[in-house]
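Notes follow the structure.
The values are calculated or read from the model by the stated rules, or taken from the named source; none is laboratory data. Nothing here was measured: the structure is a model prediction, and the numbers come from that model. No Cβ is skipped: glycine too gets one built from the backbone with ideal geometry, and neighbour counts run over all protein chains shown.
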Amino acid sequence: MELIHNKTRFDFVCTRSQILAFSFSGLLTLLSLLSLWVQGLNLGIDFSGGTLVQLRFAKPPHLDQVRTALSHLSLGDVSIQEFGSPEEILIRVGKQSSGSDAQSALAAKMVEILKPVASEGKVELRRVEFVGPQVGSELVVSGLWAVFYSLLAILLFVAWRFEWRFAYGAILSLIHDVIITMGLFSFTQKEFTLVVLAAVLTIIGYSINDTIVVFDRVREERIRSKKQPMGVVINRAINDTLSRTIIVSLTVVLVLIALLLFGGLVIHDFALALFVGVVLGTYSSIFVACQIVLLLDKKEPVAPEQPTPAPSVEIS
Amino acid sequence: MRQVPLWKPALIIFSVVISLFYIFPSINHGTPSWWPSWLPNRIIAQGLDLQGGLYLLLNVEADKAVEQTAENLVDEVRGILRKEQLRYQTVERDGLDAVSIQLTDNSDSPKFRQILEKELPATLFSEDISGKKVRLAIKPQEQKEIRRFALDQSIQTIRSRVDQFGVTEPTIQKQGEDRILVQLPGLTDPTRAKALIGRTARLEFKMVDEKGDLNAALSGRVPPGDVVLYGNRESGQKGRPSYLLKKRTVLSGDLLTDARVNFTQYNEPYVSITFNRQGERKFAQLTGEHVNERMAIVLDNVVYSAPVIREKIEGGRAQISGSFTTEEAHDLAIILRAGALPAPVKIVEERTVGPTLGQDSIDQGLASILIGGALVLLFMGVYYKGFGWLANMAVLLNVLMLMAALAMMQATLTMPGIAGAVLLMGMSVDANVLIFERIREELRVGKTPLAAIEHGYSRAFATILDSHITTLITGLVLYQFGTGPVRGFAVTLSIGLVISMYTAVFVTRVVLDMILQGRHVKTLSV
């Protein structure tokens, strides 16, 4: 069985597809940055500090009654939502001025005050997460460092194994994937939690994995056909690995769909971020990373059709 | 086809057998009685998100320990000066880590220096220009030592409290310079556990200032050397009762040997405490000196009771009453037995997962693993036929070895860890897809099946190595910067990637070679 026959000779590097790719990626990146700038991320309590309480009632509670009952605790901004099933609710409370000791006793207080609301007074505490403001900002900082260091390590590794322009191409495509994934979370105002951050880092891992496979093929093709211009080499490498690229993405996507559908709500956002990231990562290997390598190839500008002298083989 | 060296299949069988032995205890939920002790008996621990429990990150406020040391230094300095008969006006704590001494006009400051430097080598002596005021600061080296001790001592104290509370397999460990991580799996009453762990429990006995004017003190004019503290319970309309106490602690909780719950004749619980020899002597002497005065029992700056001393108390016993519930009295006794924390701790992060949510997560995690895994296996089998099933075997072996590695390292399996395992299944077929696509290509350009296999494996290897290493890099960074559940994910992903190099490249090749060995192959099922 074959999805893609070997003889595909799509032209991925012609001026038209380059313009399309750059305007598509550029537009998405721009919109993402805009959304991140204007409305920012809906930071979960992991990063912003605060308390999250998940409760299960014997019978579906009226959210209005819950809201009224909780207002007696004067907690400031409280968000109450149904979580997964009508019996379960998720309550999010921002940082409290009363100090962290009072805040960590909050969940018990909530259960107490909500007992009259519940039928037969049955409220089960399913989950409590409390993150102090200090820890929250530490997590933001270490999260940013994690993204930075993994990008740096990959930049150096690719530059060492390949060339600097390949490293730049790889890094820019990774930044592209990260920004758009975060942009999506900003645009939909879905909660950005520690677990979603882990997903973003995994996306970096997956996307670079995908890019490296294409780069490897480019390196191999160049050794085999030194006379060929870079554009032709890259295009052949993309076409030759296209079948593998699609099959691997497909298997990973299959798994992610299983996670999305059956993994439960706790893992849902994680799977969603990965899903978006895998699709982006596959796209960006071809349409961002490779195109940038080609742009940085000075001796052989955009059009691969023109028979120009052989490009320089090694730069670094 | 060349002969496959015997060690290769032997290594594969060995790794399978070893893995099975490591996994068995986890699947069986323990080892049966006939299981020899030299065989692996570790179990993959379930993270708190799976089995439910309490995760606490505590911040030890070590500054307070330094402050307390400076406070004690004041008494020490007074003692030394009295002993050496040196004249001074006042001695008081100066900032967090120092004591300042106001000298009289005719004090001999060089002598102060000589004596204090000799008696208190852990401090730095300095004097201001006028020569009328000297300052003793705790040396930075010493402060560091105090902080380190505060953290270590806190960990020990918390551990002994938790042990007495009765939690199975608690984790209590140092995190960074001033944090303690406490994980209590399977806990049902987080509120009570938090109160037990987080309480400083500094027990002090202070004399009530019977001559002082409480009302004046309450309006702000606290007599020097006194302090106003409040009771632990509301009493009637007036709210919590207030007490005017002498600041000096006459006796403290570190001289305790035991604390037990007892009941009064009206069945009200109280905690009876027993002093050690030194405490017993001190207590007898104190009660003898202060008959008909009130002595306040203060726990963490809250007055529990302030009974009048009727007579000298010998035998070294006292009781703390304060209208407790039995549970409160029980926990208080535990805390007093375990001793006070050297510095207050603050909860900076808390995650509680109820046991039912944990079970739901396991069920859902298992479901998604089974479904996702089955989809991948089916797809590979259909798409690559014979070779696909070869890859499937490799994926299954990967999962088997991953579980064995987790058991071997006694790693903790968390929900993100399960997600990592599922994702890994998708990624671990990548190596095989690379190889198979390569083999197909080689076949198309007209190579013989055996040559195609040879080239497919050798050409794909460089790519597999590079792509695995880059993914591993992010896995390691994730481990370095992540906490809790994220770490679990990073561990699963990283180990799985390493194992995937072995199963997808080495194992499939050996099995393939053995199948094709001695046969004349015309077509490949790829």
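Being in a helix (DSSP H, G or I), farther than 19 Å from A:ASP177 by Cβ and without any contact (Cβ under 8 Å) to a residue 24 or more places away in the chain, is that true of even one residue in the range A:22-33? It would help to see each step written out before you state the result.
Initial filter on the range A:22-33 (in a helix (DSSP H, G or I)): A:22-33.
Right, trim to farther than 19 Å from A:ASP177 by Cβ and you get none.
No, that holds for no residue.
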Residue, nearest to the other protein chains (Cβ to nearest Cβ), within the range B:372-404, restricted to residues that are closer than 22 Å to B:SER26 by Cα and either free of Cβ contacts under 8 Å to residues at least 40 places away in the same chain or hydroxyl-bearing (Ser, Thr, Tyr) (or both): B:VAL399
Where B:LEU255 falls short, out of the listed (1) in contact (Cβ under 8 Å) with a residue 40 or more places away in the chain; (2) of a type outside the set (Asp, Glu); (3) touching a strand residue (DSSP E or B) at 6+ places or on another chain (Cβ under 7 Å): (1)
Condition met for B:VAL182 (under 27 Å from the mean Cα position of the chain (by Cα) and more than 23 Å from B:THR69 (Cα to Cα)): yes
Scope the range B:245-274; condition surrounded by fewer than 18 Cβ atoms within 10 Å (Cβ to Cβ) and assigned to a strand (DSSP E or B); matching residues: B:LYS246, B:SER252, B:THR257, B:ASP258, B:ARG260, B:ASN262, B:PHE263, B:SER272, B:THR274
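Kindly indicate which of A:ALA107, A:ALA118, A:ALA58 is in contact with an Asp or Glu (Cβ under 7 Å, 6 or more places away or on another chain) and either within 27 Å of B:VAL348 (Cα to Cα) or of a type in the set (A, V, I, L, M, F, W, C) (or both). Walk me through it before giving the result.
On the way: A:ALA107 fails: in contact with an Asp or Glu (Cβ under 7 Å, 6 or more places away or on another chain); A:ALA118 fails: in contact with an Asp or Glu (Cβ under 7 Å, 6 or more places away or on another chain).
One residue alone meets the criteria, A:ALA58.
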Selection count, the range A:113-142, where residues are assigned to a helix (DSSP H, G or I), in contact (Cβ under 8 Å) with a residue 12 or more places away in the chain and more than 7 Å from chain B (Cβ to nearest Cβ): 9
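What number of residues within the range A:266-316 satisfy the criterion of being at pLDDT 75 or above and assigned to a loop (DSSP other than H, G, I, E, B)?
Narrowing the range A:266-316 to residues at pLDDT 75 or above: A:267-297.
With the extra rule that they be assigned to a loop (DSSP other than H, G, I, E, B), the set shrinks to A:296-297.
Residues in the range A:266-316 being at pLDDT 75 or above and assigned to a loop (DSSP other than H, G, I, E, B): 2 in total.
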Filter result (of a type in the set (Gly, Ala, Ser) and either outside the structural domain of B:VAL491 (by TED's automatic domain parsing) or crowded, with 22+ Cβ neighbours inside 10 Å (or both)) within the range B:411-448: B:GLY417, B:ALA419, B:GLY420, B:ALA421, B:GLY426, B:SER428, B:ALA431
Members of the range B:465-496 found to be more than 9 Å from chain A (Cβ to nearest Cβ) and either more than 26 Å from the chain's Cα centre (by Cα) or over 26 Å from B:GLN46 (Cα atoms) (or both), listed by number: B:LEU465, B:GLY496
Given (1) over 27 Å from B:VAL422 (Cα atoms); (2) within 7 Å of chain B (Cβ to nearest Cβ), index of the condition A:PHE262 fails: (1)
The range B:168-193 residues that are over 15 Å from B:GLY358 (Cβ atoms), paired with ones that are among the small types (Gly, Ala, Ser) (beta carbon under 6 Å, 6 or more apart): B:ASP178/B:ALA62; B:THR191/A:ALA108
Hits in the range A:152-164 - residues which are crowded, with 20+ Cβ neighbours inside 10 Å and assigned to a helix (DSSP H, G or I): A:ILE154, A:VAL158
Subset tally (residues that are modelled with pLDDT under 90 and either away from chain B (no Cβ under 11 Å) or within 15 Å of A:THR8 (Cβ to Cβ) (or both)) for the range A:205-223: 3
B:THR356 vs. criteria among the hydroxyl-bearing types (Ser, Thr, Tyr), closer than 30 Å to A:ARG92 by Cβ and within 13 Å of another protein chain (Cβ to nearest Cβ): yes
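Check whether at least one residue in the range B:415-425 is out of contact with any Pro (no Cβ under 9 Å at 6 or more places or on another chain), over 14 Å from A:SER243 (Cβ atoms) and modelled with pLDDT of 80 or more, and report yes or no. So that I can check it myself, show each step before the final result.
Within the range B:415-425, the subset out of contact with any Pro (no Cβ under 9 Å at 6 or more places or on another chain) is B:418-425.
Retained after the next criterion (residues that are over 14 Å from A:SER243 (Cβ atoms)): B:418-425.
Subset that is modelled with pLDDT of 80 or more: none.
No, the conditions are met nowhere in the range B:415-425.
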Residue in the range A:138-147 that is touching a strand residue (DSSP E or B) at 6+ places or on another chain (Cβ under 6 Å) and surrounded by 20 or more Cβ atoms within 10 Å (Cβ to Cβ) present: no
